[in-house]
1. Listed residues TYR69, TYR89, TYR49, TYR65; which is within 19 Å of LYS3 (Cα to Cα), among the aromatic types (Phe, Trp, Tyr), in the same structural domain as TRP311 (by TED's automatic domain parsing) and surrounded by 13 or more Cβ atoms within 10 Å (Cβ to Cβ)?
2. Regarding the stretch 120-128, can at least one residue be identified that is over 30 Å from TYR250 (Cα atoms), buried (at least 20 other Cβ atoms within 10 Å of the Cβ), assigned by TED's automatic domain parsing to the domain that holds LEU258 and more than 17 Å from the chain's Cα centre (by Cα)?
3. Does any residue in the stretch 23-44 that is in the same structural domain as LYS318 (by TED's automatic domain parsing) come within less than 6 Å, Cβ to Cβ, of a residue that is acidic (Asp, Glu) and assigned to a helix (DSSP H, G or I) six or more places away or on a different chain, and which pairs are these?
4. Quick one: which residue in ARG164, ARG147, ARG180 is at pLDDT 95 or above and farther than 14 Å from SER259 by Cα?
5. Report, by residue number, each residue of the stretch 292-335 that is closer than 28 Å to ASN253 by Cα and outside any loop (DSSP other than H, G, I, E, B).
6. Pick from GLY262, GLY241: which is farther than 23 Å from VAL304 by Cβ, more than 18 Å from the chain's Cα centre (by Cα), surrounded by 22 or more Cβ atoms within 10 Å (Cβ to Cβ) and in contact (Cβ under 8 Å) with a residue 12 or more places away in the chain?
7. Among the residues of the stretch 232-258, how many are assigned to a strand (DSSP E or B) and out of contact with any Leu (no Cβ under 9 Å at 6 or more places or on another chain)?
8. I'd like the full set of residues that are of a type in the set (Gly, Ala, Ser) and out of contact with any helix residue (DSSP H, G or I) (no Cβ under 9 Å at 6 or more places or on another chain), limited to the stretch 273-332.
Amino acid sequence: MGKFNFAILGCGRISYKHVEGIVNNHEDARLVAVCDIVEEKAINRKKEYEDIMEERCAESLSINYYTDYNNMLEKEDIDVVLISTESGYHAKHSIDCMKQGKHVIVEKPMALSTKDADEMIKVSKENNVKLAVAHQNRFNPPIQQLRSAIEKNRFGKLVNGTARILWNRNQNYYKQAPWRGTYAMDGGTLMNQCIHNIDLLQWMIGGDIESVYAQTDTFLRDIEAEDFGAIVVRFTNGAIGIIEGSACVYPKNLEETLSIFGEKGTVVIGGLAVNKIETWKFEDSTEDEEKEILKGDREDPDSVYGFGHIWLIEDFIKALKEDRDPLINGEEGKKAMSIILAAYKSSKTNTAIKFPVEDISTTNL
């Protein structure tokens, strides 16, 4: 098949991970263009890719940069667009690219409304292109081990799971990008910081959701949306999910932890990016198994983004080659987003929100 041509739309905070993912899959992928409305950001990301490719792969190349993505789509031969613009633009940018016949990997959240998410899924199918959502932590080896244990029914009856995201995002973080913390373009800490772990929680407990009840508030940060939220999720299989998310922890990030509890098993995964198994106990496990798992790779990644973008892009390339859905397709990407939108509505109305939910957005609560 040769190499797939990738482009990056949005060259801000997370986009260096997209460069990393493409470089580490360079046998099957190459970056041909980058785009950002801020020219300096596009130039910097272009140079970063060129420098890394020359250093690691001994390839001297020059890629193009743009400040208008429509111009980029028109002029470049692109197979896949990686979208990392502001969250409020994810739906529009994804739909525009897919209507031009481009496959799309979009950063979380895929959209800020259930209606937009449904439209993205629809457009993907209508144009016979693939859509993936960047919930890269699903690919973490400990998360994959946990998922395997779930699929083998080692927990027996699932009782509950907890997702704790206790981080610090100070006021300067929001001042750096005024769209952060707004309902129109971002949402609060649940949608921005907590969505990855919420995705993992719902993926592990599985099944449909019965209801969501939440309380949120804005305690310390001068933003429109919440800086703290607590959610209780009732699943149709009977299990209960508990989510605690904060941007107010003093003085710095404390933890991101996923815990799953069942009739015959307990697993806790922590680390900087839910990348370390802290507890692994099953009724059917041996002492050797637990010791072997707990002595696994204990090194933290360089940031809370982890290493998952490398595997996310690898999986997407395999999906293209095998003509299958990527692991986190549009339907999967919508799940955590829907929980958070329901939580916003629950907090506003002080009621439990029954599922399925329809036409909820951050701006029509």
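1. Details: TYR69 fails: within 19 Å of LYS3 (Cα to Cα); TYR89 fails: within 19 Å of LYS3 (Cα to Cα); TYR65 fails: within 19 Å of LYS3 (Cα to Cα).
None of the other options fit; the residue is TYR49.
2. No, every residue in the stretch 120-128 fails to be over 30 Å from TYR250 (Cα atoms), buried (at least 20 other Cβ atoms within 10 Å of the Cβ), assigned by TED's automatic domain parsing to the domain that holds LEU258 and more than 17 Å from the chain's Cα centre (by Cα).
3. Within 6 Å, the pairs are ASN25/GLU314.
4. Just a single option satisfies the conditions, and that option is ARG180.
5. ILE293, LEU294, GLY308, HIS309, ILE310, TRP311, LEU312, ILE313, GLU332, GLY333, LYS334, LYS335
6. So the residue among GLY262, GLY241 that is farther than 23 Å from VAL304 by Cβ, more than 18 Å from the chain's Cα centre (by Cα), surrounded by 22 or more Cβ atoms within 10 Å (Cβ to Cβ) and in contact (Cβ under 8 Å) with a residue 12 or more places away in the chain is GLY262.
7. Qualifying residue count for the region: 3.
8. If the condition is that a residue be of a type in the set (Gly, Ala, Ser) and out of contact with any helix residue (DSSP H, G or I) (no Cβ under 9 Å at 6 or more places or on another chain), then ALA319 is the only one that fits.
The values are calculated or read from the model by the stated rules, or taken from the named source; none is laboratory data. In this text, all values refer to a predicted model and were calculated from it rather than measured experimentally. Because the Cβ atoms are built from the backbone with ideal geometry, glycine has one as well, and the counts that use them run over all protein chains shown.
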